[in-house]
Amino acid sequence: TLDDVVIKAAITMSVLVAAAVVTMLFLPINLIRPVAVVTGLGTFVPVLLVTLRRRVNPAFVLAYSVIEGVFIGALSLLFERLFPGIVAQAALATFVTAGVTLFAYKFFNIRVTARFRKMVLIGTAAFAAVMLLNFILAMFGADTGLRDIGPGAGMLSIVASVVGVSLAVINLVLDFDYIEQGVAQRASEDESWRAAFGLVVTMVWLYTELLRILSYFRQN
């Protein structure tokens, strides 16, 4: 039911936020970057375990929440030290954007076709592949200019962030459709964990991209 998804999404998001807050409060400054790198890579394990398994194990979803929460906490701490107040602005912008997207989905009666879903998934996979390649290159000291932050960021970084936000918003539409179709088709109760997981993953992605976009208009 819709209530199943709402409750599980609330649980997943609450665990993630709690882990992020604890990280922001207690993580030593000199550990921000290594913790962000390790947890950023570490989230791939629970993500794969949730998406590829036929039946969803809630433990994997909550494990993702904890690991991703630590990553988001480290990332948010880094941005907050550079641009005070930006974390609250990005969090508010994330929930407002999600609310507007949900309103548009229901008000305009948006229908997700198989072709539309395929195009979005291909676009998302391509974007993720480019970001992963950029991350690997950055690990070896190569700066492609794709993920710069702050007012000095180049046009390439701005375009990448705009594309990221656009894809995240479109993926929210896919998430809403997945939830609606699951309820309509009376999917098994454990699928509500998968639906909640997908929604939270997209919200986190949207938040990170909005953090970057807001930084372009701030002074250090």
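To keep it simple, each residue is scored yes or no on (1) more than 17 Å from Ala9 (Cβ to Cβ); (2) open to solvent by less than 40 Å² (accessible area, probe 1.4 Å).
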site	(1), (2)
Gly85	yes, yes
Arg115	yes, no
Ala125	yes, no
Arg147	yes, no
Leu172	no, yes
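Residues in region 174-217 that are open to solvent by 50 Å² or more (accessible area, probe 1.4 Å), in contact (Cβ under 8 Å) with a residue 12 or more places away in the chain and not in a helix (DSSP H, G or I): Glu189, Phe217.
For Asp148, indicate whether it is within 20 Å of the chain's Cα centre (by Cα), charged (D, E, K, R) and at pLDDT below 95. Yes, satisfied.
The residue pairs whose first member lies in region 125-141 and is of a type in the set (Ser, Thr, Tyr), whose second member is modelled with pLDDT of 90 or more and open to solvent by 60 Å² or more (accessible area, probe 1.4 Å), and whose beta carbons are closer than 8 Å, counting only pairs six or more residues apart or on different chains, do not exist in this structure. Is it the case that region 92-106 has a residue that's in contact with a helix residue (DSSP H, G or I) (Cβ under 8 Å, 6 or more places away or on another chain), open to solvent by less than 60 Å² (accessible area, probe 1.4 Å) and not in a helix (DSSP H, G or I)? Within region 92-106 (the criterion being in contact with a helix residue (DSSP H, G or I) (Cβ under 8 Å, 6 or more places away or on another chain), open to solvent by less than 60 Å² (accessible area, probe 1.4 Å) and not in a helix (DSSP H, G or I)), the answer is no, since none of the residues qualifies. Which residues, counting only those in region 39-59, are outside any loop (DSSP other than H, G, I, E, B) and surrounded by fewer than 19 Cβ atoms within 10 Å (Cβ to Cβ)? Within region 39-59, Gly40, Leu41, Gly42, Phe44, Val45, Val47, Leu48, Leu49, Thr51, Leu52, Pro58, Ala59 qualify.
Among the residues examined, Leu137 qualifies as assigned to a helix (DSSP H, G or I) and modelled with pLDDT under 95.
Residues of region 8-30 that are touching a residue at least 24 places away in the same chain (Cβ under 8 Å) and either β-branched (Val, Ile, Thr) or more than 29 Å from Gly182 (Cα to Cα) (or both): Ile11, Thr12, Val15, Val17, Ala19, Ala20, Val21, Val22, Thr23, Met24, Leu27, Ile29.
For region 60-91, a tally of residues being part of a helix (DSSP H, G or I), of a type in the set (Phe, Trp, Tyr) and within 27 Å of Pro151 (Cα to Cα) returns 2.
Looking only at residues of region 1-33 that are assigned to a helix (DSSP H, G or I) and not hydrophobic (A, V, I, L, M, F, W, C), we find that the one that is nearest to Ile72 (Cα to Cα) is Thr23. Inside region 32-73, can you point out the residues that are closer than 23 Å to Ala125 by Cβ and in contact with a Pro (Cβ under 8 Å, 6 or more places away or on another chain)? Within region 32-73, Phe60, Val61, Tyr64, Ile67 meet the criteria. Of the numbered conditions (1) closer than 20 Å to Gly182 by Cβ; (2) at pLDDT below 95, Gly40 fails exactly one; give the number of that condition. For Gly40, the failing item is (1).
The values are calculated or read from the model by the stated rules, or taken from the named source; none is laboratory data. Bear in mind that the values here come from a model prediction, so they are computed numbers and not experimental data. Using ideal geometry, Cβ is built from the backbone for each residue, glycine included, and neighbour counts are taken over all protein chains shown. Accessible surface is based on the protein model in full, side chains and every heavy atom, while ligands, DNA and RNA are left aside. Shrake-Rupley method; radii C 1.70, N 1.55, O 1.52, S 1.80 Å.
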